[in-house]
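The values are calculated or read from the model by the stated rules, or taken from the named source; none is laboratory data. Bear in mind the structure is a predicted one, so any value in this text is a computation, not a measurement. Neighbour counts run over all protein chains shown; Cβ positions are idealised from the backbone, glycine included. Only protein heavy atoms, including side chains, enter the accessible area calculation; ligands, DNA and RNA are left aside. Shrake-Rupley method; radii C 1.70, N 1.55, O 1.52, S 1.80 Å.
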Amino acid sequence: MKHLRSIDELGHDGLVRLLNLTQHMVEVNRRPIPKVPALRGRTVVSLFFEDSTRTRLSFETAAKRLSADTMTFSVSTSSVNKGESLRDTVETITDMGVDAFVIRHKSTGTPWQISEWTTASVVNAGDGWHQHPTQALVDCFTVREALGVERFDGLTLTIVGDIKHSRVARSNISAFSMLGAKVVLVAPPTLLPPDVAHWPVEVSNRLDDVLARTDILYMLRLQSERMAQGHVPNLREYAELFGLDAKRVAKLPTRAVVMHPGPMNRGVEMLVDPSTLPNSLIHQQVSNGVAVRMAVLFDLLAGESSAANLQQVTP
Amino acid sequence: MGNIVMSADDVRRAITRISHEILERQQGADKLVIVGLQRGGAWLADAIGTAINQIEPQAGVPVGYIDVSMHRDDIGLRPVVPGAISRISFAVDGSTVVLVDDVLFTGRTVRAALEGINAYGRPRAVQLAVLIDRGHRELPIRPDYVGKNLPTHIDDDVRATEAGVVITNQVAP
C-alpha cells in the first residue's frame, strides 16, 4: 500500500496493522522527549483546500514527532489565486522533492487523481462527502483503548446526524464493520444518502428507539447550511428529534460511550455539556489523533507499506 | 541442525555471574536500572533483574524494555516493523542504565538503543550486558558484561534463550 485514500482500500489487515502501530506511537508520545528520528530526511506536505484545525495540526505534529520535514500549503496565499491548476500545483511541489502529500479537498476522488500526478504517497485527510480514513482510524483506536477490546464483535455503533454529507460516517461505517461492529444510522430521511439500502447498516429515523441497545453513540456535526438547503426545517426541531440531551443520555446503557468528531455544535446535536458525560471519549479522540497520524506516516514512508517505495540495496 | 554452545545451566550461571559483576562494578544497586532491548533482550533483562533483586533484596532494581525500531539507521533501506512496545516506567535521569540484549553482533541495535534511551532522560552512565558476543562489529561498541564470547561466521544464525544457546551454520552442511 503506497497511499491511504480510503478504509476499503486499506482493508482489514491494514486497518489492524495501523491500529497496532498506533500503540507504539502512543508510547513515543508519552516519553519525556516525544520525538524519534524515524522519518529523518523525509518531507511531508499538507495541502488543505478546506478549513481544518485538528486534522491539519495533528498531521503536522505527527510528521514533526517522527523528525520529518513539513511544508504547509495555504491556498489563500498560493498561486492557486493566480489561476494555477491543481495538477500544476501538485507537480510543482513534487519537483521540490516530497515523500507524502496530505490532502483535503472539497471534491470526491481528489486523492486518487493526485496520486496519478505524483510519485509521492498520498494520504486522504478528507475528500468531499466521501472518505476521511484517518478519522476512522482515530475512532477505532479510541474505542479499542476505552473498551480494552481488539475486535468489536457484538458491539453496536449508532451514528446520528447528517450521514449524507459525512465523510466521517462513510469511513467509520467501513472501519467499524470490518472489526465486527453492527452499525445503526439515525437521521431524518433527507440526510440519508439515496444508496443507503446497499450499505451494511440498519437505518432508523427515531433516536429514542435505538439508544437502549447502543454501545457507541457517535454524534455527527450538523452544518448550519443544511437548513438553508432545506434538508432540515429548523435547527430547534432537529435538536428536539436528534440532539443528545440529558433525557437521552439516561436511556443509554451505563457502559455506552459517546463520541463526536468535532467541531461540535452545542445546542444543536449536543445539548448536554460533554464534559459532564460519564463516558465521553471526545477528548481521547483528539489526543489519539497525533499518534494515529504518526502510525500512518510511518507505515507509508518507513514501515511495511514502504516496501514498494524503497530503493534496492544490499543488506 | 545447530550446535548447542551453552546449555540451560550454562545460561543460568552466566546470568548469575553477570548480575554479580553489575553489582560489584556499581558497588551496590543504588540508582541502577535494567533496560532490555525488545524483543530478544527482554527475557534476559527480566532474568538479570530477578537475580540482582535476589542478591540485594532491598535494592528493588526496576526493569524496563525499549523497542529501538524507530531509531534504527536502516530505516528507508528496508521496511521496519516495530516489535513489542517500549515500557520504561521509571526515571532515567541520573541513573545507571544497563542495556541488556541476547546477542551482540554488528552493534547497530545497541547504537539505536543508546539514542532511544536519551528520549527518556539523561542517564549518569549507560552500560551494556549481553549473553553472547559473536563479533563482526560495524560500530565502535563494546559490551561491559559478556556471558560468552563466541567466534562465528557472519552468516551463522545464533539463537539465545533461557533453554540454551544454539548456533546454526547457514553455509556449510
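Among the residues of A:33-42, the average count of other protein chain beta-carbon atoms within 10 Å of the residue beta-carbon is 4. Applying 1/(1 + (r/R0)^6) with r as the Cβ-Cβ distance of A:S52 and A:R266 and R0 = 22 angstrom yields a FRET efficiency of 0.65. Within the protein assembly as shown, DSSP assigns beta bridges of which about 15% are antiparallel (rounded to the nearest 5).
Largest mean-square fluctuation among A:Q284, A:Q229, A:Q113, in a Gaussian network model of chain A whose springs join Cα atoms under 10 Å apart, belongs to A:Q229. Principal semi-axes of the equivalent ellipsoid, √(5λ) from the alpha carbon gyration tensor of region B:32-82, are 30, 9, 6 Å from largest down. Distances between placed amide hydrogens fall under 5 Å for A:S280 paired with A:V258, all partners being 5 or more residues away or on another chain. Would you kindly calculate the mean projected area, averaged across all directions, of the convex hull enclosing the Cα atoms of region A:133-285, in square nanometres? Over all viewing directions, region A:133-285 projects a mean Cα-hull area of 8.1 nm².
Label point of B:A91 set 7 angstrom out along Cα-Cβ; within region B:49-73, amide nitrogens under 20 Å from it belong to B:59-65.
Normalised by residue count, chain A yields a Cα convex hull volume of 146 Å³ per residue. When the listed pairs A:K2/A:K182; A:K35/A:K106; A:K182/A:K247 are checked against a 26 Å cut-off, the alpha-carbon distance exceeds it for A:K2/A:K182; A:K35/A:K106.
Let me know the shape class of chain B, please: from the alpha-carbon gyration tensor, a ≥ b ≥ c as square roots of the eigenvalues, rounded when a/c is under 1.5, otherwise prolate if a/b is greater than b/c, or oblate. Oblate is the answer for chain B, as a/c is 1.5 or above yet b/c matches or exceeds a/b. In order along region B:13-25, the phi-based Karplus estimate (6.51 cos²θ - 1.76 cosθ + 1.60, θ = phi - 60°) of 3J(HN,Hα) comes to 5, 5, 5, 4, 5, 4, 4, 5, 4, 4, 5, 5, 4 Hz; Gly and Pro are listed as x.
Computed from phi, the 3J(HN,Hα) profile of region A:191-205 under the Karplus parametrisation 6.51, -1.76, 1.60 (θ = phi - 60°) reads 10, 9, x, x, 9, 4, 4, 8, 8, x, 9, 9, 10, 9, 9 Hz, with x in place of Gly and Pro. Among B:V126, B:V100, B:V33, the residue with the largest mean-square fluctuation in a Gaussian network model of chain B, with springs joining Cα atoms closer than 10 Å, is B:V126.
Taking H as built 1.01 Å from N, whose amide H comes closer than 5 Å to the amide H of A:V123, not counting residues under 5 places away? Residues meeting the criterion, in which the H sits 1.01 Å from N, are A:L4, A:F101, A:V102, A:I103. Projecting label points 7 angstrom from Cα along Cα→Cβ for A:K2 and B:Q54 puts them 5.6 nm apart. Shown for the protein assembly as shown: the carbon plus sulfur share of the solvent-accessible area, taken with all protein chains present and a 1.4 angstrom probe, equals 50%. Taking amide H atoms as placed 1.01 Å from N in the peptide plane, the amide H of B:G64 lies under 5 Å from those of B:I34, B:V35, B:G36, each 5 or more residues away in sequence or on another chain.
Taking chain A as a Gaussian network of alpha-carbon nodes connected by springs under 10 Å, the highest mean-square fluctuation of the residues A:T22, A:T94, A:T55 belongs to A:T94. For region B:19-52, trypsin sites (Lys or Arg not before Pro) are listed when DSSP marks them as loop and at most 12 other Cβ atoms sit within 10 Å of their Cβ; the list is B:R39.
The phi-based Karplus calculation (6.51 cos²θ - 1.76 cosθ + 1.60; θ = phi - 60°) puts the 3J(HN,Hα) values of region A:156-162 at 10, 9, 10, 9, 10, x, 7 Hz, whole numbers, x for Gly and Pro. B:V81 versus B:R142, label points 7 Å from Cα toward the beta carbon: distance in nm? It works out to 3.7 nm between the two label points. Among the DSSP helices (H) of chain A, those spanning at least 18 angstrom by Cα along their long axis with an average Kyte-Doolittle hydropathy of -1.0 or more are A:7-30, A:133-147, A:282-301; this is a geometric and hydropathy rule only.
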